[in-house]
Amino acid sequence: MTITENKIKAGSLEWFYRQAEPIGRSDLLPVILLHGLPSQSYSWRHLLPALAEQGTRAIAPDWIGFGFSEKPDKRDFAYTPDAYITALEEFIQALELKHFSLVVQGFLGSVGLQYALRHPEQIANISILNTPISTVAKLPWKIKQMGLPFAGDMMTQDPLLVDRTLEGGSRYVISEEDLGVYRKPFLKSSSAGRSLLATIRNLQLQTAMNEIESGLQKWESPLQIIWGKNDPWLPVEMAEKFVKSAPHTEIITITKGAHYPQEHCSEIIAQDLLPFLRRSFEH
């Protein structure tokens, strides 16, 4: 199963995305997978083929400012949740997607949830992996310090920052080959670091959490939460408490998983994610 690497112009911005085309059965709805900070679509490399094998078209973009997507100057792109939501609207329109499932992970994955709440008619169901979903969620110091004046400007220009954050959040070693892909945008240009800095400074996490927590509690479509229990930044208790107040929600915890569970636990995730995403067709 090959994952293709693609670029598409959406509005004034160029997106990079990875895609796996379905094998055989293709009547299932497509799925969009959105990564967190400071990651990129490469984090979904193990799940994309698994989804395609069951007949699901799987699309994983690099957020604007991340990975191999365009990294506009902050004068041209605000790097706020609203700016990202508008950009995502244009990306989805460019791909001519009308109805799809959504998988989100991490800080910035929260923007995908805000998009869903504002476009419920497009979303068949949502799977949430270690994403802030409650007003008790806080930006971890490891990420927060990247947005500090002066210190953040220097930190975000260090390619090894990506290694330290991804390995710190996942609590496992990531292979040098894989880290090389994550690091590459930071080695190519200073714009990757500037985009990361701008995103962290404009994340507006508390405002976003108010919208997400209240919105998802009224969400009518199927909702799945898959949570790495060893997440050093978003405790599993937050997810467990959330599930009690949200209808149509199931939770699966992964004992060995942490903040980026798809990095090391993709086979375990696939056991629950794949049948959940089929549900939108079968119901």
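Each reported figure results from applying straightforward, stated rules to the coordinates on display, with no laboratory input. Predicted model, so just to flag it, every value in this text is computed and none were measured. Positions of Cβ are generated from backbone atoms using ideal geometry, with glycine treated the same way; all protein chains shown enter the neighbour counts.
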Qualifying position, being among the aliphatic types (A, V, I, L, M) and touching a residue at least 60 places away in the same chain (Cβ under 8 Å), among Leu166, Leu197: Leu166
Conditions (1) under 30 Å from Glu70 (Cα atoms); (2) basic (Lys, Arg); (3) touching a Gly at 6+ places or on another chain (Cβ under 9 Å): number failed by Lys229: (1)
Pair list, Cβ < 6 Å and 6+ apart or interchain, from the stretch 121-142 residues that are touching a residue at least 24 places away in the same chain (Cβ under 8 Å) to residues that are of a type in the set (Gly, Ala, Ser) and assigned to a strand (DSSP E or B): Ala124/Ser101; Asn125/Ser101; Asn130/Gly228
Residue in the stretch 155-173 that is among the charged types (D, E, K, R) and touching a Leu at 6+ places or on another chain (Cβ under 6 Å) present: yes
Leu97 vs. criteria part of a loop (DSSP other than H, G, I, E, B), out of contact with any Leu (no Cβ under 6 Å at 6 or more places or on another chain) and either free of Cβ contacts under 8 Å to residues at least 24 places away in the same chain or among the aliphatic types (A, V, I, L, M) (or both): yes
Condition met for Leu216 (crowded, with 19+ Cβ neighbours inside 10 Å, in contact with a strand residue (DSSP E or B) (Cβ under 8 Å, 6 or more places away or on another chain) and either without any contact (Cβ under 8 Å) to a residue 60 or more places away in the chain or over 30 Å from Arg75 (Cα atoms) (or both)): yes
Qualifying positions in the stretch 227-283 - of a type in the set (Asp, Glu) and touching an Asp or Glu at 6+ places or on another chain (Cβ under 6 Å): none
Single residue of the stretch 55-84 satisfying the filter (more than 13 Å from the chain's Cα centre (by Cα) and of a type in the set (A, V, I, L, M, F, W, C)) that is farthest from Gln19 (Cα to Cα): Ala78
Search result, residues across the stretch 6-49 that are acidic (Asp, Glu) and without any contact (Cβ under 8 Å) to a residue 60 or more places away in the chain: Glu14, Glu21
Of all residues making up the stretch 243-271, the number that are surrounded by fewer than 15 Cβ atoms within 10 Å (Cβ to Cβ) and among the acidic types (Asp, Glu): 2
Residue count for the stretch 37-54, restricted to those that are within 15 Å of His264 (Cβ to Cβ) and under 14 Å from the mean Cα position of the chain (by Cα): 6
Filter result (surrounded by fewer than 16 Cβ atoms within 10 Å (Cβ to Cβ) and over 29 Å from Leu148 (Cα atoms)) within the stretch 230-242: Glu240, Lys241
Arg183 vs. criteria under 14 Å from Pro38 (Cα atoms), part of a helix (DSSP H, G or I), touching a Pro at 6+ places or on another chain (Cβ under 9 Å) and not acidic (Asp, Glu): yes
Single residue of the stretch 110-158 satisfying the filter (of a type in the set (A, V, I, L, M, F, W, C) and in a loop (DSSP other than H, G, I, E, B)) that is surrounded by the most Cβ atoms within 10 Å (Cβ to Cβ): Ile133
Filtered residue count, the stretch 45-90, keeping only those that are over 24 Å from Thr207 (Cα atoms), surrounded by 24 or more Cβ atoms within 10 Å (Cβ to Cβ) and touching a Lys or Arg at 6+ places or on another chain (Cβ under 7 Å): 2
Matching residues in the stretch 13-38 - criterion: being among the polar types (S, T, N, Q) and out of contact with any strand residue (DSSP E or B) (no Cβ under 8 Å at 6 or more places or on another chain): Ser26
Where Pro30 falls short, out of the listed (1) over 15 Å from the mean Cα position of the chain (by Cα); (2) at positive phi: (2)
